[in-house]
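A.B. asks: One structure, as structure tokens, below. Some questions next.
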Amino acid sequence: MANRQQIEDWNGAVGERWLTYNDWLDRRTAAYGRDALDAAAAQPGEAVLDIGCGAGATVFELARAVGEGGSVTGVDVSEPLLSRARERAAALALPVEFRLADASRPLFAPARFDLLFSRFGVMFFDDPVAAFAELRKTLKPGGRLAFACWQGPDRNDWYRWPLRAIAEAIALPPSDPDAPGPFAFGKPERVRQVLGEAGFDAVELRAFEAPFYLGEGDDPDAAAADAYDQVMRVGPVARLLAAQEPAVRVRAEARLRAALRELARERGIAMMGATWTVTARAA
Ligand SMILES: C[S@@+](CC[C@H](N)C(=O)[O-])C[C@H]1O[C@@H](n2cnc3c(N)ncnc32)[C@H](O)[C@@H]1O
């Protein structure tokens, strides 16, 4: 079954962690999403699909932009995240709808949407060309695609530095840069190729950078402690450390604490975060 691993992950431990720390994650990713929302420029009355919408933050932003005459549908494979999105929608009284499904499958009538949008929800397909080709069919002729995806790990210190710290104590497993995951669209040429083969044109990637606050606090010690908690909650370091022998884990955790304390400044730890704001049109 296509995307089986991701569907399992986002309905299992990964989805649960995202749910627990959803407010924190929304704050950390807001600036990158804002740049993509600006590029998407949703208009009153438009029909929009938010791909991999998670707990719905950008669905609500889009709903405000399209207004009462428009519609926004959020699609996601994660039952726990979509349940949270539905609760939030009810509390905000916004006319949005959600669909629990794999966005790469034929789900919607052809030419239903004016705009396909995503904040970090399109890098998880096993076969991205097939997935985007299917999604393109749901766009009206000339319809728009706009999404935010991370640039490579080398441009995202919030991800790279904690891994580098624990690499002093444990051997990091090899990773395939194109494998489904947060950095699958790090290479611009890959994004162009995938979207081109899927039937999009006018593909543009605009580099966007904003600080990623890995730790906040009133002084450097507090910021370092907060950063340590954050790194141990969501992301690859927590997963890698959980699989280690206790003695190795203790050594790696000590290296991580020391590295974060060195990085901490008066106002916290601000690390580089870099995304592509990608736009394209249905050819
Ligand atoms: C990094 S999270 C981003 C969530 C949300 N867009 C946000 O910005 O908070 C990636 C999301 O993509 C969803 N996802 C992964 N593969 C998917 C697929 N094939 N179809 C639909 N959603 C998928 C996950 O369940 C998860 O909610």
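A.B. asks: Mind checking which pairs have a first residue in region 15-39 that is under 22 Å from residue 236 (Cα atoms) and β-branched (Val, Ile, Thr) and a second that is in a helix (DSSP H, G or I) and away from the ligand (no atom under 11 Å from the Cβ), Cβ under 8 Å, 6 or more apart or different chains?
C.D. replies: 20/233
A.B. asks: Can you tell me which residue is least open to solvent (accessible area, probe 1.4 Å) among those in region 70-111 that are away from the ligand (no atom under 16 Å from the Cβ) and under 30 Å from residue 198 (Cα atoms)?
C.D. replies: My answer is 70.
A.B. asks: Could you grab me the full set of residues in region 46-60 that are open to solvent by less than 20 Å² (accessible area, probe 1.4 Å) and not acidic (Asp, Glu)?
C.D. replies: Just the residues of region 46-60 that are open to solvent by less than 20 Å² (accessible area, probe 1.4 Å), to begin with: 47-51, 53-56, 58-60.
Of everything in region 46-60, those that are open to solvent by less than 20 Å² (accessible area, probe 1.4 Å) and not acidic (Asp, Glu) turn out to be 47, 48, 49, 51, 53, 54, 55, 56, 58, 59, 60.
A.B. asks: Identify, please: which residue in region 1-13 is crowded, with 17+ Cβ neighbours inside 10 Å and hydrophobic (A, V, I, L, M, F, W, C) and is, among those, farthest from the chain's Cα centre (by Cα)?
C.D. replies: 7
A.B. asks: In region 235-283, what residues are open to solvent by 40 Å² or more (accessible area, probe 1.4 Å) and either under 30 Å from residue 188 (Cβ atoms) or among the polar types (S, T, N, Q) (or both)?
C.D. replies: Within region 235-283, 239, 244, 263, 270, 272, 281, 283 meet the criteria.
A.B. asks: Here's a follow-up. Looking for whichever is away from the ligand (no atom under 11 Å from the Cβ) and either in a helix (DSSP H, G or I) or loosely packed, with under 14 Cβ neighbours inside 10 Å (or both) here; the options are 63, 36. Which one fits?
C.D. replies: Working: 36 fails: away from the ligand (no atom under 11 Å from the Cβ).
None of the other options fit; the residue is 63.
A.B. asks: Going through region 78-96 one residue at a time, which ones are in a helix (DSSP H, G or I) and either farther than 23 Å from residue 17 by Cα or of a type in the set (Asp, Glu) (or both)? Give the steps one after another, and end with the answer.
C.D. replies: Filtering region 78-96 for residues in a helix (DSSP H, G or I) gives 79-92.
Once the filter is applied, which keeps residues that are in a helix (DSSP H, G or I) and either farther than 23 Å from residue 17 by Cα or of a type in the set (Asp, Glu) (or both), region 78-96 yields 79, 87, 92.
A.B. asks: Still on this structure, please answer the following. Considering region 214-234 alone, what residues qualify as being in contact with a Gly (Cβ under 7 Å, 6 or more places away or on another chain), open to solvent by less than 20 Å² (accessible area, probe 1.4 Å) and not in a helix (DSSP H, G or I)?
C.D. replies: Listed by number, the list holds a single entry, 215.
A.B. asks: Taking region 112-124 only, how many residues are open to solvent by 40 Å² or more (accessible area, probe 1.4 Å) and more than 15 Å from the ligand (Cβ to nearest atom)?
C.D. replies: Summing the residues that are open to solvent by 40 Å² or more (accessible area, probe 1.4 Å) and more than 15 Å from the ligand (Cβ to nearest atom) in region 112-124 gives 1.
The values are calculated or read from the model by the stated rules, or taken from the named source; none is laboratory data. Owing to the predicted nature of the structure, the values given are computational and were not obtained by experimental measurement. Don't worry about glycine lacking a Cβ; one is built from the backbone with ideal geometry, like all the others, and counts go over all protein chains shown. For the accessible areas, the whole protein counts, side chains as well, though only heavy atoms, and no ligand, DNA or RNA atoms are used. Shrake-Rupley method; radii C 1.70, N 1.55, O 1.52, S 1.80 Å.
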